[in-house]
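To keep things clear, I will list the structure first and then write my remarks on it.
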Amino acid sequence: MSETGSEYILTISCPDAVGIVYAVSGFLAERNCNIIDSAQFGDRLSGLFFLRVHFAVAPGGLSQRELEAAFVEQVAQRFSMTWKLHDRAKRQRVLIMVSKFGHCLNDLLYRYRTGYLPIEIPAIVSNHRDFYQLAAWHNIPFHYLPVTPDSKAQQEERLLEIVEEERVDLVVLARYMQVLSSNLCERLAGRAINIHHSFLPSFKGAKPYHQAHARGVKLIGATAHYVTSNLDEGPIIEQEAERVDHTGTPDDLVAIGRDIENIVLARAVRYHVEHRVLLNGSKTVVFK
């Protein structure tokens, strides 16, 4: 029983069918739960239905465990749902990984410190020492895990140990310039987000913005996506782009690109920790 009242977010994906919203809203109404916000999407191509409901339980109402037990028996099984009930008061624990470019790290830390991102950051992991003082200033443990071809597997195991020890909900690759192994990608499936330059598909490797400048591109941007074993091809969460022209130098493009990366990654992290992202095969449904 909840003595003070609580707020929860219910996320659902299931085969589309008549009566899903009716069943969910009826279940909540019968238990004196008030729906604060609701968003839904029926994908006609995949035949799947997606629902996110933010609701409040009245003081003295059912606890999370009681709600879950009743929901699975009375609604979820009936519609073959993949679902989860999230306590809105619980902050997600986010581990940030970074290499030598610190703009995304700095931006996430600022948004965390000012309360824009409702998260906890139990650790920062890097294959370089550059940002240990920044981590110390924020009173966040810094783990230096240098990576070589010989040490890669060992360091990835250490990373997973940190994830386990710190009860990490989400790993964010904030310009972490190492390719994760297929094993690590699988073990972090659905809970690791990466940021990279997009709208520059022909320019891979070092200095993509310099390559783009040499080709005279007119549009640059960034993409945040879930990490998979297929490099930079995971389900996309958020994208943004900005027009450029012939007057920009390579350094101008780098500066613009980094600003976009900050914005896109912060949005993706916020959407994830607010339980607004549902996987739809190789794509995502994002309830903004």
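Just so it is clear, none of the values below were taken in a lab; they were calculated from the coordinates. A quick note: this is a predicted structure, and the numbers were derived from the prediction, not measured. We place every Cβ from the backbone using ideal geometry, glycine too, and count neighbours over all the protein chains shown.
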Counting only helical runs of four or more DSSP H residues, what would the 222 nm mean residue ellipticity of the chain come to if each run contributes -39,500 (n - 2.57) and the total is spread over all its residues?
-9000 deg cm²/dmol
Using 23 Å as the Cα-Cα cut-off, could you pick out the over-long pairs in LYS152/LYS283; LYS84/LYS152; LYS100/LYS207?
LYS152/LYS283; LYS84/LYS152
On each of the three principal axes of the Cα atoms of region 92-286, give max minus min coordinate, whole Å, ordered largest first.
50, 37, 36
With +1 on each Lys and Arg Cβ and -1 on each Asp and Glu Cβ, and nothing else charged, work out how big the dipole of region 6-87 is about its Cα centre, in Debye to the nearest 20.
140
Within region 227-265, whose backbone N sits under 18 Å from a point 7 Å along Cα→Cβ of TYR116?
238-242, 255-265
Sorting check: for 218-227, 159-168, which peptide has the highest mean count of neighbouring beta carbons within 10 Å, and how do the rest follow?
218-227, 159-168
Sorting check: for 235-244, 260-269, 132-141, which peptide has the highest mean count of neighbouring beta carbons within 10 Å, and how do the rest follow?
260-269, 235-244, 132-141
Which whole-Hz ³J(HN,Hα) couplings does region 164-173 yield from phi under the Karplus relation 6.51 cos²θ - 1.76 cosθ + 1.60, θ = phi - 60°, glycine and proline marked x?
6, 4, 8, 6, 6, 8, 9, 10, 10, 8
Under a Cβ-only charge scheme (Lys and Arg +1, Asp and Glu -1), can you give me the dipole magnitude of the chain about the Cα centre, in debye to the nearest 20?
380
Counting only DSSP beta bridges fully inside the chain, the antiparallel percentage to nearest 5 is 75
Hey, what did region 92-286 get for relative contact order, percent, Cα under 8 Å, at least 6 apart?
20
Unit charges at the beta carbon, dipole of the chain: most positive-side option, GLY281, ALA241, SER80
ALA241
A student applying the Cα gyration tensor rule (rounded when a/c is under 1.5; otherwise prolate if a/b is larger than b/c, oblate if not) would label region 6-87 prolate
